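Only one structure is covered here, and it is reproduced in the block below.
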Amino acid sequence: MQRVLSSQLAAHVGQRVRIAGWTHRRRVLKSVSFLIVRDRAGLAQVVVSTPGALDGFGEETVVGVVGTVIANPAAPGGVELTEPVIELLSEPVRELPVELFRPELGVTLPTLLDHAAVTLRHPSRQRVFELSAAAIRGFRRVLDAQGYTEVCTPKIVGSATESGASVFKVDYFGGTAYLAQSPQFYKQTMVGVFERVYEIGPVFRAEPHDTSRHLAEYVSLDVELGFIQDHREVMAVLRDVVAGMIEEAAGLGFELPVVPVEIPVLHFAEALKIAGADPGELDLAPAHERAIGEWGLREHGSDFVFVEGYPTLKRAFYTHPEPGQAPYSRGFDLLFRGLELVSGAQRLHKYADYVATLAERGEDVAPYESYLEVFRLGMPPHGGFAIGLERFVMQLIGATNIREVTLFPRDLHRVTP
Ligand code: AMO
């Protein structure tokens, strides 16, 4: 008999059907017992009248149940299965590290993560990752519609790309390679082929910070596009992409913010003033970002604020300076509820500018030769950005720690499960 999902039972009243899933809860009463089966679509109630029939079916045991569907307004979904024949599909489960049938898991973060493969089964945990999946779908949908090509670039690479962020070294057949901190160089290079590209993939940062917003491995949603006038064009694409990601999450039961058609934009110098920071600061500290987030909400009713014109020297070497406005660049960040969600910029596109900027920073050109080749061979003005997926979900649901929205987080202290 073909399997029916819990959410489809209402369409089968009066019929015999087969469901399958995990024993979410077993309630043994005197005259009748209930087996609540959880599948990917939700919960189904099975009524058992034979005494002892549920012996051995501890919570999380995998079962198949053939039964007759009858209406019962008190049951989940308004229906239940009666006259069941229950089949044990997997070994009975003995001791669980957590009680998954409770509406709230109510465990500490270390317990949640130590037993991630099991705690993720809890409906409240599943929803978070359905939200991640929806965000990825929205990202793809908007860019596919605008003529972008999805690319998959290598994650084992020959050089670091993000000065400032640390890099993992790997032994590569006896030589040294690195885990990619970003698809930055490759996505720029691919503008020379496809004009507009995006990539969804893991990136690796040997983060020495033990914070609630940093991971050693996260999912980067990268975009790069050619033939732009300036970074403002890139910011407009980003606005549409974020709106699409949020739109796709509608219907999942989360309260979602509105992305204004015009996201407020602050110049870096103005942002320092609003945040009450020292005018000589070269970057925004987390407290400054929070103050700017509050400003956006107060002055514009917006959860999103763009900051543009970050000082060139504080941004990666490929960032385009703002002509005639030293020390400022065409680099920007998008803050979401007071946290940096996205970094982006117009890039340099002339070989000579790369050589000059690397020299200014006291860096050798040699390690970058294979990346820089393309800039001698005709590259249009271009720019792009990268959204941190986990940061996006974290801010969207108001999680206090990025690890809560990561399936299997990697950080200073954790590489398993
Ligand atoms: P950046 O290094 O600012 O820029 O990263 C882009 C976005 O990625 C997220 N992020 C992180 N998320 C979790 N853990 C971390 N350790 C972490 N580090 C960064 C943030 C951040 O805004 N190549 C550029 C992007 C570009 O210019 O296109 C880059 O990687 O949300």
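The values are calculated or read from the model by the stated rules, or taken from the named source; none is laboratory data. It should be emphasised that the depicted structure is a prediction, and the values quoted were computed from it without experimental measurement. Heads up, the Cβs are rebuilt from the backbone with ideal geometry, glycines too, and the neighbour counts pull from every protein chain shown. Ligands, DNA and RNA are excluded from the accessible area calculation, which covers all protein heavy atoms including side chains. Shrake-Rupley method; radii C 1.70, N 1.55, O 1.52, S 1.80 Å.
Brief remarks on what is shown
- Cα gyration tensor category, rounded, prolate or oblate, for the range 176-276 with a/c compared to 1.5: rounded
- Accessible surface of the range 234-357, 1.4 Å probe, proportion on carbon and sulfur as whole %: 52 percent
- For the residues ILE397, ILE292, ILE156, a 1.4 Å probe over the protein chains yields an accessible-area ranking, largest first, of ILE156, ILE397, ILE292.
- The range 320-355 and the range 379-415 have Cα centres separated by 20 Å.
- Checking every one of the trypsin sites (Lys or Arg not before Pro) in the range 19-116 against DSSP loop status and a limit of 13 other Cβ atoms within 10 Å picks out LYS30, ARG40, ARG94.
- List GLU262, GLU199, ordered by accessible area with a 1.4 Å probe, largest first: GLU262, GLU199
- Given charges at Cβ of Lys, Arg, Asp, Glu: the chain dipole, positive-most of LEU407, ALA352, LEU335: LEU407
- If the chain linking GLN325 and HIS12 were pulled fully straight, counting 0.36 nm for each residue of separation and taking away their Cα-Cα distance, it would gain 105.8 nm.
- Per-residue accessible area (protein heavy atoms, 1.4 Å probe) orders GLU91, GLU60 as GLU91, GLU60, starting from the largest.
- A full extension of the chain between ILE397 and ARG298 corresponds to an added length of 33.6 nm, given 0.36 nm per residue minus the alpha carbon distance.
- In a reduced charge model with +1 at each Lys and Arg Cβ and -1 at each Asp and Glu Cβ, the chain shows a dipole moment near 1220 debye about its Cα centre.
- Residues in the range 374-412 that a label on LYS350 would reach, taking backbone N under 17 Å of a point 7 Å out along Cα→Cβ: 374-383
- Accessible surface calculations at 1.4 Å, restricted to protein heavy atoms, place the chain at 47 Å² per residue.
- Measuring only protein heavy atoms, the 1.4 Å probe finds LYS155 accessible over about 50 Å².
- Set LYS187/LYS314; LYS155/LYS350; LYS155/LYS273; LYS169/LYS273 screened for pairs whose C-alpha atoms are more than 30 Å apart: LYS155/LYS273; LYS169/LYS273
- With a Förster radius of 60 Å applied to the beta-carbon distance between ASP364 and GLU91, the computed FRET efficiency rounds to 0.50.
- Value of relative contact order over the range 1-63, rounded to a whole percent, pairs C-alpha under 8 Å and six or more apart: 33 percent
- Only Lys, Arg (+1) and Asp, Glu (-1) charged, at Cβ; the range 29-132 dipole about Cα centre in debye: 240 debye
- Listed peptides 309-315, 206-212, 140-146, 180-186 appear in the order 180-186, 309-315, 140-146, 206-212 once ranked by packing, highest mean of other Cβ atoms within 10 Å at the front.
- Value at 222 nm in deg cm²/dmol, rounded to 500, when DSSP H runs of n ≥ 4 in the chain each add -39,500 (n - 2.57): -7500 deg cm²/dmol
- Accessible area of VAL4 in the full protein assembly, 1.4 Å probe (Å², nearest 10): 20 Å²
- Distance from the alpha carbon centroid of the range 1-69 to that of the range 135-161 works out to 42 angstrom.
- Antiparallel content of DSSP bridges confined to the chain, in %, to 5: 90 percent
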